[in-house]
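Down below is the structure, laid out as structure tokens.
The values are calculated or read from the model by the stated rules, or taken from the named source; none is laboratory data. Note that the structure is a prediction, hence the values are computed from the model and not measured. Because the Cβ atoms are built from the backbone with ideal geometry, glycine has one as well, and the counts that use them run over all protein chains shown. Just so you know, the surface numbers come from the protein's heavy atoms only, side chains and all, with ligands and any DNA or RNA stripped out. Shrake-Rupley method; radii C 1.70, N 1.55, O 1.52, S 1.80 Å.
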Amino acid sequence: MLDLKFIRDNADAVRKNIADRFMEADVDAVIRLFEERNSLILKTDELRRQRNENAGKMKGKMPPEEREPLVAEGKKLKEEIAEVESRLNQVTEELNSEASRIPNMAHPDAPVGKEDKDNLEISRFGGPTSFSFTPKDHVQIAADLDLVDFDTAARVSGPKFYYLKNEAVYLELALTRYALDILRSKGFIPTITPDIAKEEVLEGIGFNPRGDESNIYALENTGTCLVGTAEITLGGYYSGNILDSAELPIKMAGLSHCFRREAGAAGQYSKGLYRVHQFSKVEMFVYCRPEDSDSIHQELLTVEEEIFSGLDIPYRVVDTCTGDLGGPAYRKYDLEAWMPGRGENGDWGEVTSTSNCTDYQARRLGVRFKEDGKNQYVHMLNGTAVAVSRAIIAILENFQQEDGSIKIPAALVPYTGFDTIGPK
RNA sequence: GGAGAGAUGACCGAGCGGUCGAAGGUGCACGCUUGGAAAGCGUGUGUGCUCUAACCGGGCACCGAGGGUUCGAAUCCCUCUCUCUCCGCCA
């Protein structure tokens with residue numbers, strides 16, 4: 001969430017930012033509740049001071065006729081405090097709920113626009129792959145080569161689940177190893193994170209764990225959820241901590257499963273492995289000083305490009321528009337890989353996303369660092385190294401051969417142990 | 001899952017209804033001492049909110065978390081979480 005004083009002191013800018021993002025949030029309510037809360041805090045503090053003072057007067061022995069009026073005064077104060085406190089709790093709760101709807105401020109250079117069509121293409125690696133034959137989409141390829149079984153998964157687990165089979169299993173493992181090795185060489189600490197996290201961590205990261213529109217699977221009666229990304233578990237890693245400024249930036253790489261409800265998502269653009277309820281992903285996460293977050297964001301983008309260009313997968317980079325940013329992000333870049341089987345004649349499909357969330361998540365999660373005796377919130381950034389299911393789409397569709405086989409990208413062969421799949 | 005023990009500041013550790021934001025020690029910072037260092041001595045050393053022009057100085061809160069008893073709770077009671085030991089089960 002944003003700093004409440006910032007909201008109060010920059011109400012117009014905050015309102016404009018909300019409008020630019022096409023979101024709904026009530027700035028005036030936040031300011032009103034903030035001031036109401038502050039005045040209630042003042043009131044409770046004063047009443048408590050009186051209570052403490054009153055209690056302090058009767059420490060030693062004293063005759064009952066002196067003690068009794070003090071006890072009576074104490075009882076009266078106790079009731080008043082209880083009443084003001086209950087109002088304070090109520091106002092605080094409302095304030096938190098309203099304030100959490102206010103998105104992060106957007107980077108001044110982030111393109112203003114409503115939806116993904118308004119994203120700004122800023123660079124490209126390779127072009128749409130050309131074929132001397134009619135390319136198949138990954139669903140067809142996977143069926144022909146017996147690599148993915150959607151039908152059985154639908155029966156056993158439900159729609160949008162899948163079994164990876166045969167070489168696809170090794171492809172998944174190879175992609176995660178390939179990505180982790182690159183990240184480790186760049187100073188990211190490799191981790192495998194829990195696949196479950198507490199609701200409060202989800203909320204701190206900026207996810208809404210409940211409700212029909214939520215993309216999160218909540219686990220009944222546990223206060224926990226399946227994670228939609230390791231961003232949650234990596235971002236929660238230092239929650240409530242004050243970090244040593246000398247150890248910043250902290251760069252972590254996390255492998256986890258990702259679970260997404262994707263309620264209502266269907267259609268041509270979501271077919272096959274593109275939008276599924278479960279996939280594996282290697283995520284990058286960085287904690288850094290505020291002044292470093294812009295340059296580290298560029299670094300994360302560079303790493304993502306290195307991973308995909310290293311696989312010879314054509315992609316373009318887009319600077320995400322304000323309407324498509326998501327609440328916690330200050331700025332976001334996506335890599336969109338060329339997917340020959342997407343749409344009529346192939347199309348770009350998102351394979352990575354990197355966001356600079358500045359101090360928006362750190363404030364709720366309480367992640368700070370100490371410098372010159374002062375505590376400040378760190379900046380937190382995240383980025384996809386490889387979302388395996390979508391990377392598999394890009395590989396199958398771009399590297400398909402006329403005979404129906406798949407050529408494995410050279411950089412991956414040491415990890416897969418084979419250089420082609422099929423033909424069958 | 002069963003039985004027991006525990007959770008106090010950066011760390012160790014006392015306190016078990018008011019004199020406790022919390023003894024003592026360690027660490028750390030600064031100063032004195034020294035040719036320099038060590039030792040020694042002295043001083044200081046949490047976080048958040050809030051009042052204020054001001055981290056000058058006040059106020060409030062925080063002793064795992066939440067609730068309760070009380071005029072008053074680190075101290076008493078309840079619930080929960082976590083850690084440790086033993087048993088059971090198990091990848």
Item to complete: Would you please give the FRET efficiency between A:Glu35 and A:Asp109, computed as 1/(1 + (r/R0)^6) with r the Cβ-Cβ distance and R0 = 30 Å, to the nearest 0.05?
Response: 0.35
Worksheet item: Which values, in whole Å and largest first, are the semi-axes of the equivalent ellipsoid of the stretch A:269-424 obtained as the square root of 5 times each eigenvalue of the Cα gyration tensor?
Response: 36, 17, 12
Worksheet item: Say the dipole of the stretch A:46-165 comes from +1 at the beta carbon of Lys and Arg and -1 at that of Asp and Glu; which of A:Ser100, A:Pro128, A:Thr152 then lies farthest toward its positive end?
Response: A:Ser100
Worksheet item: Between the helical axis of A:293-310 and the dominant principal axis of chain A, each derived from Cα atoms, what acute angle in degrees is found, rounded to the nearest 10?
Response: 20
Worksheet item: What's the local net charge at A:Glu397, with K and R +1, D and E -1, over the other residues with C-beta under 15 Å away?
Response: -3
Fill in: Table column - 3J(HN,Hα) (Hz), the stretch A:414-419, Karplus curve with 6.51, -1.76, 1.60, x for Gly and Pro
x, 8, 7, x, 9, 10
Worksheet item: Hey, got the dipole for chain A? About the Cα centre, +1 on K and R Cβ, -1 on D and E Cβ, debye to the nearest 20?
Response: 1060
Discussion item. Counting only protein heavy atoms and a 1.4 Å probe, tell me what percentage of the stretch A:187-338's accessible area is made up of carbon and sulfur.
Written reply: 47
Worksheet entry | Size of charge dipole - the stretch A:23-176 - debye, nearest 20, with Cβ of Lys, Arg +1 and Asp, Glu -1, no other charges | 760
Worksheet, complete the sentence: Surrounding charge for A:Glu94, neighbours by C-beta under 14 angstrom, Lys/Arg +1, Asp/Glu -1, total -2
Discussion item. Which chymotrypsin sites (Phe, Trp or Tyr not before Pro) in the stretch A:109-215 sit in a loop by DSSP (not H, G, I, E or B) and have at most 13 other Cβ atoms within 10 Å of their own Cβ?
Written reply: A:Phe133
Worksheet, complete the sentence: Residues whose modelled amide H sits under 5 Å from the amide H of A:Glu283, counting only those 5 or more places away in sequence or on another chain, are A:Gly254, A:Leu255, A:Ser256, A:Ala385
Worksheet item: Each residue of the stretch A:282-292 in turn: what ³J(HN,Hα) in whole Hz from Karplus with 6.51, -1.76, 1.60 and θ = phi - 60°, glycine and Pro shown as x?
Response: 9, 10, 9, 9, 9, 10, 8, 6, x, 6, 9
Practice prompt. Return the percentage of antiparallel bridges among DSSP beta bridges fully within the stretch A:175-295, rounded to the nearest 5 %.
Written response: 80
Response to the item:
Treating only Lys and Arg (+1) and Asp and Glu (-1) as charged, each at its beta carbon, one finds that the stretch A:259-356 has a dipole about its Cα centre, in Debye to the nearest 20, of 540
Discussion item. Report the gain in length on full extension from A:Val169 to A:Arg87: 0.36 nm times residue separation, minus Cα-Cα distance, nm rounded to one decimal.
Written reply: 23.9 nm
Response to the item:
Helix-only [θ] at 222 nm, chain A, -39500 (n - 2.57) per DSSP H run of 4+, per residue, nearest 500, equals -12500 deg cm²/dmol
Practice prompt. Name the most mobile residue of A:Leu77, A:Leu234, A:Leu202, meaning the one with the largest mean-square fluctuation, in a Gaussian network model of chain A with Cα contacts below 10 Å.
Written response: A:Leu77
Discussion item. Rounding to the nearest 10 and keeping the result within 0 to 90°, find how far the Cα-based axis of helix A:167-185 lies from the longest principal axis of chain A.
Written reply: 60
Fill in: Coarse-grained scattering of chain A at q = 0.06, 0.07, 0.10, 0.14 Å⁻¹, given as base-10 log I(q)/I(0) from a Debye sum over alpha-carbon atoms
-0.32, -0.42, -0.76, -1.30
Discussion item. Suppose all protein chains stay in the model; what accessible area per residue would a 1.4 Å probe give for the stretch A:179-265, in Å²?
Written reply: 48
Item to complete: For A:Asp9, put the label point 7 Å out on the Cα→Cβ axis and report which residues of the stretch A:284-302 keep their amide N under 18 Å from it.
Response: A:290-291
Practice prompt. For A:Phe399, A:Phe369, A:Phe6, write out the residues from largest to smallest accessible area, computed with a 1.4 angstrom probe and no ligands counted.
Written response: A:Phe6, A:Phe399, A:Phe369
Worksheet item: Which of A:Leu325, A:Ile313, A:Pro290 sits farthest toward the positive end of the charge dipole of the stretch A:283-330, with +1 on the Cβ of Lys and Arg and -1 on the Cβ of Asp and Glu?
Response: A:Leu325
Item to complete: Just round it to a whole percent: the fraction of Cα-Cα distances in the stretch A:56-202 exceeding 27 Å.
Response: 69
Worksheet item: What residue among A:Gln400, A:Gly341, A:Cys357 has its Cα farthest toward the positive end of the dipole of the stretch A:321-424, where the charges are +1 on Lys, Arg and -1 on Asp, Glu, each on the Cβ?
Response: A:Cys357
Practice prompt. Estimate the FRET efficiency between A:Glu262 and A:Lys76 by the formula 1/(1 + (r/R0)^6), using the beta-carbon distance for r and 41 Å for R0, to the nearest 0.05.
Written response: 0.10
Discussion item. Given contacts defined as C-alpha pairs under 8 Å and at least six residues apart, what's the relative contact order of chain A, whole-number percent?
Written reply: 20
Worksheet item: Taking the simple approach of a point 7 Å from Cα along Cα-to-Cβ for both A:Gln376 and A:Leu42, what is their distance in nm?
Response: 3.0
Response to the item:
Between the Cα axis of helix A:64-99 and the main Cα principal axis of chain A, the angle (0 to 90°, nearest 10) is 20
Fill in: Summed residue charge, Cβ within 12 Å of A:Leu147's Cβ, Lys/Arg positive, Asp/Glu negative
-3
Response to the item:
The simple spin-label model distance between A:Asn215 and A:Ala154, using points 7 Å out along Cα→Cβ, in nm, is 2.3
Practice prompt. Between A:Leu120 and A:Asp146, with labels modelled 7 Å along Cα→Cβ, what's the label distance in nm to one decimal, could you check?
Written response: 5.1
Worksheet item: Given the options A:Gly211, A:Gly310, A:Gly272, which has the most mean-square fluctuation in a GNM of chain A, springs set between C-alpha atoms less than 10 angstrom apart?
Response: A:Gly211
Worksheet entry | Highest-MSF residue in chain A out of A:Gly60, A:Gly349, A:Gly323 [GNM, Cα springs under 10 Å] | A:Gly60
Discussion item. Give the residue list of trypsin sites (Lys or Arg not before Pro) in the stretch A:78-169 that are DSSP loop and have at most 15 other beta-carbon atoms within 10 angstrom.
Written reply: A:Lys114, A:Lys165
Practice prompt. Name the long-range amide H neighbours of A:Met339: under 5 Å, sequence gap of 5 or more, or other chain; modelled H, no Pro or chain starts.
Written response: A:Asp347, A:Trp348, A:Gly349
